[in-house]
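Engineer: Supplied in structure tokens, the structure appears directly below.
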Amino acid sequence: MNALLILLILLIVLMLIVAKKDGLRNLIGLTFNFIAIFVLITLISWGFNAIAVLIVLSVIILAIAIFMSADESEVTLIAFKTSIIVVLSLLILALIIQHFGQFQGFATEDVDELENLSLNVGLNFSNVAIVVMVISMLGAVAESAMALAASLSEVVEQDENMSLDQFKNQREIISQQILGTAVNTLFFGVLGATVGLILWFVRLNYRLADIFNSKLLMAEVAAMLLGMLGILFAIWLSGYFVQKSFEQKILTNNSVSKNKKT
């Protein structure tokens, strides 16, 4: 039996055992997102504008990932709104990074695999590089926004008499915790994916300049840094929206209390 199939079966079984109905819902969402990625690749290969397809499918992927992961409507709405703003903002940054970095195409390390293949595939690989960078950060952005919104909302529910200063203090603490774990997860994920390439560079005595000019490595680094910026922005923006909602709740409660006294 294929090793990937075994891992997939283990994942499904453990998700159903640990999370039960929520696990099943997340598996369905994961399946829908896999289909969305397949549609994204297919439409780009058919010649549709890669950036336009990316924007539409990114919104769909974020909606599936967020709304199928929790039942709390206020939390999911904040996380979704945050994720959309962050992704669209970083898409502009990705366009700028790609313009100056030119990470598209194939590197010299790909020569052996491409030797007998035609490269006339009729695609704009610059746009493909942008698609890869943005798709790579979707999960990190959605997870960070969702984690902060859910954590802060839970804190507010547990302490109905919390002051605004206490809320801000909790927001800062939770933001630091989520930021640290999310950034480390992203960093070690990229490190694990590129450790073979790094060993290749070391064993072949690449110069430092050659390493920094490697398309394969720098494309991964650019995607990682973009993802880290996305996490940071998502945590700040999600916390901002939750704080505004909390301040509105305080104003409403004060208004109700005044009406009762009068």
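The values are calculated or read from the model by the stated rules, or taken from the named source; none is laboratory data. Please read all numbers here as calculations on a predicted model, not as lab measurements. No Cβ is skipped: glycine too gets one built from the backbone with ideal geometry, and neighbour counts run over all protein chains shown. For accessibility, only protein heavy atoms count, side chains too; no ligands or nucleic acids. Shrake-Rupley method; radii C 1.70, N 1.55, O 1.52, S 1.80 Å.
Engineer: So, LEU216, is that one in contact (Cβ under 8 Å) with a residue 24 or more places away in the chain, assigned to a helix (DSSP H, G or I) and surrounded by fewer than 18 Cβ atoms within 10 Å (Cβ to Cβ) or not? Walk me through how you get there before you give the answer.
Structural biologist: On the way: in contact (Cβ under 8 Å) with a residue 24 or more places away in the chain: yes; assigned to a helix (DSSP H, G or I): yes; surrounded by fewer than 18 Cβ atoms within 10 Å (Cβ to Cβ): yes.
Judged against the criteria, LEU216 is a match.
Engineer: Out of curiosity, is VAL183 under 18 Å from the mean Cα position of the chain (by Cα), within 28 Å of LEU77 (Cα to Cα) and among the aliphatic types (A, V, I, L, M)? Step through it out loud before you land on a result.
Structural biologist: Working: under 18 Å from the mean Cα position of the chain (by Cα): yes; within 28 Å of LEU77 (Cα to Cα): yes; among the aliphatic types (A, V, I, L, M): yes.
When the stated conditions are applied, VAL183 passes them.
Engineer: Name the residues in segment 19-50 that are open to solvent by 30 Å² or more (accessible area, probe 1.4 Å), aliphatic (A, V, I, L, M) and closer than 20 Å to VAL134 by Cβ, would you?
Structural biologist: Within segment 19-50, LEU30, ILE35, ILE37, VAL39, ILE41, LEU43 meet the criteria.
Engineer: Taking THR194 as the residue in question, decide whether it is among the hydroxyl-bearing types (Ser, Thr, Tyr), open to solvent by less than 90 Å² (accessible area, probe 1.4 Å) and closer than 23 Å to ALA222 by Cβ. Outline the logic, then answer.
Structural biologist: Working: among the hydroxyl-bearing types (Ser, Thr, Tyr): yes; open to solvent by less than 90 Å² (accessible area, probe 1.4 Å): yes; closer than 23 Å to ALA222 by Cβ: yes.
Here the answer is yes, as THR194 does meet what is asked.
Engineer: Looking for whichever is modelled with pLDDT of 85 or more, in contact with a helix residue (DSSP H, G or I) (Cβ under 6 Å, 6 or more places away or on another chain) and over 19 Å from ILE64 (Cα atoms) here; the options are ALA36, ALA50. Which one fits?
Structural biologist: Numbers: ALA36 fails: over 19 Å from ILE64 (Cα atoms).
Selected residue: ALA50, the only one of ALA36, ALA50 that is modelled with pLDDT of 85 or more, in contact with a helix residue (DSSP H, G or I) (Cβ under 6 Å, 6 or more places away or on another chain) and over 19 Å from ILE64 (Cα atoms).
Engineer: Does at least one position in segment 51-69 carry a residue that is more than 19 Å from MET133 (Cα to Cα) and outside any helix (DSSP H, G or I)?
Structural biologist: Yes, that holds for at least one residue.
Engineer: Between a residue in segment 171-182 that is in contact (Cβ under 8 Å) with a residue 24 or more places away in the chain and part of a helix (DSSP H, G or I) and any residue that is β-branched (Val, Ile, Thr) and buried (at least 20 other Cβ atoms within 10 Å of the Cβ), which pairs come within a Cβ distance under 8 Å, given they are 6 or more apart or on different chains?
Structural biologist: Matching pairs, first to second residue: ARG171/VAL242; SER175/ILE235; ILE178/ILE235; LEU179/ILE231; LEU179/ILE235; ALA182/ILE231; ALA182/ILE235.
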